[in-house]
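Undergrad: Please read through the structure below; I'll follow up with questions.
Each reported figure results from applying straightforward, stated rules to the coordinates on display, with no laboratory input. Computed from a predicted model, the values in this text were never measured in an experiment. All Cβ positions, even for glycine, are placed from backbone atoms using ideal geometry, and neighbour counts span all protein chains on display.
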Amino acid sequence: MPRKAPPSGTRPGIDVLLHENRVFRPDAAFRRRAHVRDVSVYARARGNPEAFWASCAREVAWFRPWKKVLAWNPPHARWFVGGRLNASFNCLDRHLGTAARNRAAILWEGEPGDERTLTYAQLHRETCRFANVLKELGVGRGDRVTLYMPLIPELAIAMLACARIGAVHSVVFGGFSSEALKERINDAKATVLVTADGGFRRGSEVPLKKFSDEALLGAPSVRHVVVVRRGNFPVQMQEGRDRFWHDLMKDRSAECPPEPMNSEDMLYILYTSGTTGKPKGIVHATGGYMVGVHTTTRWVFDLKPEDVYWCTADIGWVTGHSYVVYGPLSNGATVLMYEGAPDWPDRGRFWQICEKYGVTIFYTAPTAIRAFMRWGGDWPGRYDLSSLRLLGTVGEPINPEAWMWYRKKIGGGRCPIVDTWWQTETGMILITPLPGITPTRPGSATRAFPGVEAEVLDERGRVVKEGGGYLAIRRPWPAMLQTIYGDPDRYVKQYWSKWDAGTYFPGDGARRDRRGDFWLLGRVDDVLNVAGHRIGTMEVESALVDHPAVAEAAVVGKAHDLKGQALAAFVTLKEGIQSDGDLVSQLKGHVVRRIGALARPDDIVFTAELPKTRSGKIMRRLLKDIAEGRALGDTTTLADPAVLQVLKQKYEED
Ligand code: ATP
Ligand code: MG
């Protein structure tokens with residue numbers, strides 16, 4: 001693995017310590033059958049990005065063609081101006097006259113093992129019926145509907161039904177508390193809440209209706225609540241406000257004409273994961289978003305009609321919006337959905353599902369891969385995973401060792417891996433390999449998607465051709481956010497003010513290598529500052545994960561009189577490995593050998609769990625609070641507060 005290399009100089013960017021030289025070229029047989037086989041697509045798109053996006057837009061169904069591809073008044077972009085379309089029409093109606101009509105759109109499995117299949121024709125009918133229900137509840141164009149549900153088909157149906165009538169959905173992940181739900185309802189001023197009697201998580205009930213009732217005590221905008229019966233959990237129904245989904249759906253017409261929406265009309269609001277602070281209500285428009293997710297889904301996952309495509313993300317996150325619902329369905333694909341936890345009833349559940357349904361494309365998060373690594377290769381080893389042909393990751397930088405493990409143990413050494421960088425704000429994948437043509441390296445998201453212009457810049461906005469700095473996107477892209485809901489000033493300040501008004505600042509550190517490939521280094525807010533060197537968290541963490549005893553690591557800087565910052569590492573070991581003082585010095589030595597003395601952690605704390613957001617991302621800012629002995633910052637998006645209390649105690653003892 002990584003060769004030691006000197007820091008790349010003292011330019012005010014980010015120094016690079018880790019170098020990775022393993023390379024995996026696309027397999028010739030894969031390439032022959034891939035949607036994208038020809039590297040000239042990059043040059044073609046670069047030569048005329050707007051013409052490129054227009055050619056992508058022609059793959060989407062429009063009721064009225066656009067007049068102008070892009071109206072760019074930095075930092076405000078309007079895509080496919082004058083065009084009219086409907087997102088639910090694109091995901092449903094357009095397939096009804098084709099071979100996809102009776103193809104499974106959704107293969108669903110509940111945590112207890114119950115199954116449902118919805119063909120495109122069935123999904124269309126259910127969507128129309130629920131769209132008619134919403135209309136009867138007084139929902140119309142532009143009205144906001146909050147969806148707080150388990151991962152069941154009704155969630156996708158409710159989203160598509162909103163899109164059908166021009167209403168704006170705001171999905172709140174079903175793992176959030178009533179407080180978080182209340183805030184999000186109030187921010188969006190939703191008039192309808194769709195929820196369920198409850199959901200399943202590791203065999204126990206998540207009382208969604210009870211949480212909804214608590215939230216609604218402080219959310220006066222909601223007039224109607226629709227409750228899906230998921231598990232026959234007991235619920236209180238409030239007369240005049242609450243109705244059951246199945247009662248409302250009874251005798252509803254299965255026809256509902258799709259509302260012709262302007263390309264720029266709002267499709268949805270979605271709150272970011274809250275890794276760096278208070279979540280932001282990101283607004284996505286219809287036309288550009290559909291073009292962006294339709295194209296990236298087809299090209300990045302090489303999605304075909306015969307695939308069984310499984311993105312394990314919950315629909316409550318943007319990955320679920322773009323790559324469980326809108327992208328795959330607009331492509332007429334078969335989407336697998338699994339409601340529950342990966343370790344229920346045992347740690348083989350995901351692999352059992354892959355074998356059972358013959359999953360061909362599997363897309364998950366590094367946090368999940370590191371958990372699989374911790375649990376050991378025996379679990380996937382018990383199942384037949386030979387149907388898999390492509391793997392993907394998203395959500396955090398992937399440590400090279402986790403990438404290699406994924407490739408070997410899940411992909412059987414034969415599946416290309418697409419490491420896809422993007423955000424709630426970007427709506428679509430922006431940096432990624434194209435599996436038929438892009439050579440991959442463990443830990444690199446490789447290059448910008450065709451038509452996307454990404455660069456690494458230094459503090460002053462100068463281009464870093466090779467080395468570390470800040471990731472920047474230099475021209476608008478179709479699925480880009482429109483604004484932050486209710487806070488247009490913050491939209492400008494947060495994303496378009498670091499350099500010039502036409503350059504997007506995602507808030508991530510990145511490095512470019514001499515081939516021009518991108519390596520994500522972690523969040524700019526988390527950058528370590530040691531003895532005059534700025535280092536991304538990713539590199540030190542990857543050096544730790546490279547040690548055979550380690551499954552996961554988070555590194556933060558804490559104030560130090562001499563060095564500026566000293567490093568504190570929080571480490572989770574693989575199952576069955578004992579932590580002791582000896583291992584502490586071994587790990588410190590390992591980091592020094594891999595990347596240099598500069599990155600030697602001062603403290604190493606072993607922990608069974610790291611603090612993560614509910615979407616599974618490590619929250620380093622809270623670890624930093626612990627390391628510096630400060631009061632904890634915003635913890636509302638934290639998955640399990642107990643983890644933090646244990647760590648705090650442990651850190652103070654050590
Ligand atoms: P908040 O913005 O509220 O702090 P968040 O950034 O975690 O939350 P998301 O939009 O869910 O919310 O996450 C996007 C971020 O996830 C990116 O900015 C990046 O830091 C990280 N990320 C996503 N995919 C990758 C990837 N392939 N490689 C590296 N980092 C990634
Ligand atoms: Mg973010």
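Undergrad: Hey, any hits in segment 411-434 for a residue that's β-branched (Val, Ile, Thr), within 16 Å of ligand 1 (Cβ to nearest atom) and more than 21 Å from Cys311 (Cα to Cα)?
TA: Quick first cut of segment 411-434, residues β-branched (Val, Ile, Thr) only: 417-418, 420, 424, 426, 429, 431-432.
Okay, now just the ones that are also within 16 Å of ligand 1 (Cβ to nearest atom), so 417-418, 420, 424, 426, 429, 431-432.
Still in the running and more than 21 Å from Cys311 (Cα to Cα): none.
No: zero hits.
Undergrad: What strands (runs of 3 or more DSSP E) completely inside segment 99-152 contain at least 3 residues that are free of Cβ contacts under 8 Å to residues at least 24 places away in the same chain and out of contact with any helix residue (DSSP H, G or I) (no Cβ under 6 Å at 6 or more places or on another chain)?
TA: Numbers: elements: 104-109, 115-119, 144-147.
Filter on segment 99-152 gives 115-119.
Undergrad: Go through Ala180, Ala163 for me and flag whichever is in contact (Cβ under 8 Å) with a residue 60 or more places away in the chain, assigned to a helix (DSSP H, G or I) and either of a type in the set (Phe, Trp, Tyr) or farther than 13 Å from Ser212 by Cβ (or both).
TA: Only one candidate passes the filter, namely Ala163.
Undergrad: Considering only segment 311-350, state which residues are farther than 17 Å from Val418 by Cβ, within 16 Å of ligand 1 (Cβ to nearest atom) and assigned to a loop (DSSP other than H, G, I, E, B).
TA: Asp314, Ile315, Gly316, Trp317
Undergrad: Of the conditions (1) in a loop (DSSP other than H, G, I, E, B); (2) over 23 Å from His321 (Cβ atoms); (3) in contact (Cβ under 8 Å) with a residue 60 or more places away in the chain, Asp251 satisfies every one except a single condition; which number is it?
TA: Looking at each condition in turn, Asp251 falls short on (3).
Undergrad: Check whether at least one residue in segment 426-439 is away from ligand 2 (no atom under 16 Å from the Cβ), among the small types (Gly, Ala, Ser), under 21 Å from the mean Cα position of the chain (by Cα) and under 21 Å from Thr319 (Cβ atoms), and report yes or no. First the steps, then the outcome.
TA: Step one: filter segment 426-439 for residues away from ligand 2 (no atom under 16 Å from the Cβ), giving 432-439.
Narrowing further to those that are among the small types (Gly, Ala, Ser): 436.
Adding the requirement that they be under 21 Å from the mean Cα position of the chain (by Cα) leaves none.
No, segment 426-439 contains no residue that is away from ligand 2 (no atom under 16 Å from the Cβ), among the small types (Gly, Ala, Ser), under 21 Å from the mean Cα position of the chain (by Cα) and under 21 Å from Thr319 (Cβ atoms).
Undergrad: Go through segment 477-508 and count every residue that is among the β-branched types (Val, Ile, Thr), more than 13 Å from ligand 1 (Cβ to nearest atom) and not in a loop (DSSP other than H, G, I, E, B).
TA: Number of matching residues: 2.
Undergrad: Follow-up question, since we're still on this one. Could you go through segment 516-526 and let me know if any residue there is crowded, with 20+ Cβ neighbours inside 10 Å, more than 20 Å from Leu457 (Cβ to Cβ) and either within 16 Å of ligand 2 (Cβ to nearest atom) or in contact (Cβ under 8 Å) with a residue 12 or more places away in the chain (or both).
TA: The answer is no; no qualifying residue exists.
Undergrad: If you don't mind, another one. Taking segment 435-445 as the region of interest, how many residues are surrounded by fewer than 24 Cβ atoms within 10 Å (Cβ to Cβ) and assigned to a loop (DSSP other than H, G, I, E, B)?
TA: 5
Undergrad: Additional query: Could you list all residues from segment 26-60 that are touching a helix residue (DSSP H, G or I) at 6+ places or on another chain (Cβ under 7 Å) and not basic (Lys, Arg)?
TA: Result: His35, Val36, Ala45, Phe52, Trp53, Cys56, Ala57, Glu59, Val60.
Undergrad: Give the residue that is nearest to Leu160 (Cα to Cα), with candidates limited to residues of segment 264-274 that are outside any strand (DSSP E or B) and more than 6 Å from ligand 1 (Cβ to nearest atom).
TA: Among them, the one singled out is Asp265.
Undergrad: Checking the condition among the small types (Gly, Ala, Ser), within 16 Å of ligand 1 (Cβ to nearest atom) and either assigned to a loop (DSSP other than H, G, I, E, B) or under 23 Å from Trp422 (Cβ atoms) (or both), which residue from Gly218, Gly240, Gly231, Gly277 passes?
TA: On the way: Gly218 fails: within 16 Å of ligand 1 (Cβ to nearest atom); Gly240 fails: within 16 Å of ligand 1 (Cβ to nearest atom); Gly231 fails: within 16 Å of ligand 1 (Cβ to nearest atom).
The unique qualifying residue is Gly277.
Undergrad: Just to verify a result, which residue in segment 286-310, among those that are touching a strand residue (DSSP E or B) at 6+ places or on another chain (Cβ under 8 Å) and in a helix (DSSP H, G or I), is surrounded by the most Cβ atoms within 10 Å (Cβ to Cβ)?
TA: Of everything passing the filter in segment 286-310, Met290 is surrounded by the most Cβ atoms within 10 Å (Cβ to Cβ).
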